[in-house]
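Single-structure report; data block below.
The values are calculated or read from the model by the stated rules, or taken from the named source; none is laboratory data. Please read these numbers as outputs of a predicted model, since none were measured by experiment. A quick note on method: Cβ atoms are made from the backbone with ideal geometry, for glycine too, and the neighbour counts reach across all protein chains shown. Note: areas computed on protein heavy atoms with side chains; ligands, DNA, RNA excluded. Shrake-Rupley method; radii C 1.70, N 1.55, O 1.52, S 1.80 Å.
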Amino acid sequence: MYAILDIETTGGKYNEEGITEIAIHKFDGQQVLDQFITLINPEREIQPFVVNLTGINSKMLQTAPKFHEVAKRIVEITENTVLVAHNAQFDYRILRTEFRRLGYNFERKTLCTVDLAKKLIPEAESHSLGKLVRSLGIPVSDRHRANGDALATLKLFKILLTKDLDKSIITEVTRAETHGELSHRQLKIVDLMPSETGVYYMHNKDGKVIYIGKSTNIKKRVNEHFTSNAKLARSLQKETRKITFEQTGNELMAFLKIREELKRNTTKYPTQKKDTCLLLNSYGKEKGAMDDICLTGKDLMVVDKGRTIGERSAILIRNGELKGMGFYDLNYQINNIHILETIMTPVEGNAEILQEVEAYLNHKKVIKIVELN
């Protein structure tokens with residue numbers, strides 16, 4: 001569980017700053033579960049350059065709550081979460097300073113999207129929030145206001161999670177969160193799995209991914225692992241301490257994602273064949289599916305439904321070779337192929353994978369196929 005955070009401050013001497021605005025979005029890796037956004041009366045002067053930058057002035061904050069009045073809500077919404085912020089060291093220091101003034105020791109684990117972006121998007125010209133989100137086609141409103149920057153950080157973090165094929169983010173978080181053996185009650189975490197298409201990851205007590213699978217119904221598939229008497233299932237029941245997942249919106253994206261991740265992740269238990277291929281024999285030809293499509297030498301984008309309303313998936317093929325996959329919002333990014341390629345996860349598909357993609361497109365209807373110049 002993550003708490004996406006952004007704070008605006010008064011400026012001033014180190015450790016003497018006060019908070020003027022805070023925005024927190026509680027995020028489970030798939031959707032926002034809770035949020036808290038408020039102006040705060042810092043009970044101290046705001047530096048003029050900060051007023052010019054944020055537009056927040058002392059008059060606006062006269063009737064705003066003081067920090068001690070919102071401290072309990074901040075503790076509650078961030079409890080059992082990892083704080084995620086752009087330049088997390090700064091936001092975390094400011095929060096700890098405010099709580100220290102109240103005599104409370106506020107401690108949370110943190111992730112910094114600056115550090116993550118440097119690792120996962122090293123080619124970016126700049127890793128400042130403004131320039132980075134602009135280069136990725138992420139729309140930002142209310143820049144230098146807490147909620148505007150928090151929402152931009154949230155969208156950036158979603159892209160980073162998608163690009164993190166080595167699963168280093170979730171592995172580190174899982175290792176930090178997981179303690180001891182799972183009880184019978186905890187095993188019922190399967191009930192929290194979505195009945196949606198995607199890829200799921202089974203972790204051991206050290207947070208290491210021991211099995212990767214895909215399904216058109218993650219809840220049903222994971223439940224099978226915990227109720228089956230098969231040899232693999234019994235091993236997974238014994239060793240699994242946590243299950244995480246990523247929805248993909250459609251089976252083709254799940255297929256490509258799992259094939260790409262298995263190149264980078266060595267799991268203790270080999271993924272079953274039905275999780276590494278498209279079960280094309282089970283498909284009847286859907287109305288609207290392409291007729292005998294051939295991808296050889298083609299430059300095109302396969303567009304299909306995404307993980308949520310208002311999102312689409314995209315698969316990039318250049319000169320008949322699979323080059324990338326990703327997601328974009330309906331209201332931006334698709335109009336700029338360069339931006340779309342930037343936010344995509346690079347993938348490399350061999351002839352076998354490309355044949356499966358062709359077969360899928362000949363059996364299943366997708367939203368559209370865009371030919372590229």
What does the highest-first list of 89-98, 116-125 look like by mean Cβ count within 10 Å?
89-98, 116-125
Highest-first arrangement of 149-157, 318-326, 364-372, where packing means the average Cβ count within 10 Å
149-157, 318-326, 364-372
Using only Cα atoms, find the angle between the long axis of helix 218-227 and the longest principal axis of the chain, and express it within 0 to 90 degrees, rounded to the nearest 10.
80
Using Cα pairs closer than 8 Å and at least 6 residues apart in sequence, work out the relative contact order for the chain, in percent.
12
Could you give the nm distance between label points at residue 141 and residue 205, where each point is 7 Å from its Cα heading toward the beta carbon?
4.9
Once the piece of chain linking residue 268 and residue 72 is laid out straight, how much longer is it, given 0.36 nm per residue of separation minus the C-alpha distance between them?
66.3 nm
222 nm mean residue ellipticity, helices alone, for the chain (DSSP H n ≥ 4; -39,500 (n - 2.57); rounded to 500)
-10500 deg cm²/dmol
Rough spin-label spacing in nm, given labels placed 7 Å along Cα→Cβ, for residue 329 and residue 299
2.9
Cα-based helix-to-principal-axis angle, 168-177 vs the chain, degrees rounded to 10:
60
In the list (i) 0.97; (ii) 1.47; (iii) 1.01, the entry giving Rg/Rh (Cα atoms, Kirkwood Rh) computed from the coordinates is (iii)
May I ask for the angle, rounded to the nearest 10°, between helix 88-101 and the longest principal axis of the chain, with both axes built from Cα atoms and the value confined to 0 to 90°?
40
Under a Cβ-only charge scheme (Lys and Arg +1, Asp and Glu -1), can you give me the dipole magnitude of the chain about the Cα centre, in debye to the nearest 20?
960
Quick one: accessible area per residue over the chain, 1.4 Å probe, rounded to a whole number of Å²?
49
Which percent of the accessible heavy-atom area of the chain goes to carbon and sulfur, probe 1.4 angstrom?
47
